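Right, one structure below, let's go through it.
Nothing in this text is a laboratory measurement; each read-out follows from the coordinates by a stated rule. It should be emphasised that the depicted structure is a prediction, and the values quoted were computed from it without experimental measurement. Every residue, glycine as well, gets a Cβ built from its backbone with ideal geometry; the counts of neighbours run over all protein chains shown.
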Amino acid sequence: MKTETKQSKTIDKALNKMLITSIVASTAFVVGIPLIIYGATNSLWIFLGLGIAFVVFGFYGAPMLWTSYGTLKTQKRVVDAVMEEHLTTIAEIASQLQMREREARDYVRKAINKKYITGYIYDGNTLVPNEKQAPKKKMSQNRCPSCGGVMEKTDTGWICPYCGSKFENV
């Protein structure tokens, strides 16, 4: 079973938005033609104008939007290869997805810039898991940095009785 990550949800949301926009553009082209005919035959200029706008949007916008959708779909496949299949070199990604290494490198770079791929250090050829940890919070005057409650001393450090935060002796 596939687990949904934050990155996966983000790219899925963008993919769904692009799909809906592409379908709307394609539909606008089809709807625009009868609107032009209806508006022209009945001298209804509003329908004629809307029909022309729909046809222009559909004719020029739909191909560009569908191309962007395909590119984003490939981007998702690259993100899945890294985040779920744990492929970490450009050569592995390119081989798995049957694309050129230069193309795979561009997709990885774009995915990192859009934060679809996180938790890795990228040197231009290899993705290495980032093992660094976030800096630990420091306590000031025996107060919990999370909730502000008074901390209690334990054998291994401090614990907040209010929120349950634990801090080890350093």
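Near residue 90, within a Cβ-to-Cβ distance under 12 Å, what is the net charge of the other residues, with Lys and Arg +1 and Asp and Glu -1?
Values: positive: 100, 102, 105, 109; negative: 92, 101, 103, 106, 123.
That works out to -1.
Remark on residue 89: its backbone amide H falls under 5 Å from those of 127, a criterion applied only to residues 5 or more positions apart or on other chains, H modelled at 1.01 Å from N.
Order 68-78, 32-42 from most to least packed using the mean count of other Cβ atoms within 10 Å.
Working: 68-78: 16.5, 32-42: 14.8.
Listed from highest to lowest mean packing, they are 68-78, 32-42.
Projected onto their three principal axes, the Cα atoms of the stretch 1-74 cover extents of 57, 17, 16 Å, largest first. The alpha carbon centroids of the stretch 1-75 and the stretch 76-106 are separated by 29 Å. Which log10 I(q)/I(0) values does the chain give at q = 0.08, 0.17 Å⁻¹ under the Debye formula, counting every alpha carbon as one identical point scatterer? At q = 0.08, 0.17 Å⁻¹ the computed log10 ratios are -0.51, -0.97. A Gaussian network model of the chain, with springs between Cα atoms under 10 Å, assigns the largest mean-square fluctuation among 85, 152, 131 to 152. With respect to the chain, whose longest principal axis is taken over its alpha-carbon atoms, helix 6-41 is tilted by about 10°.
Ranked by the mean number of other Cβ atoms within 10 Å of their residues, highest first, the peptides 160-166, 86-92 fall in the order 86-92, 160-166. Each of 57, 167 was scored by other Cβ atoms within 10 Å of its Cβ. Arranged with the fewest first, they read 57, 167.
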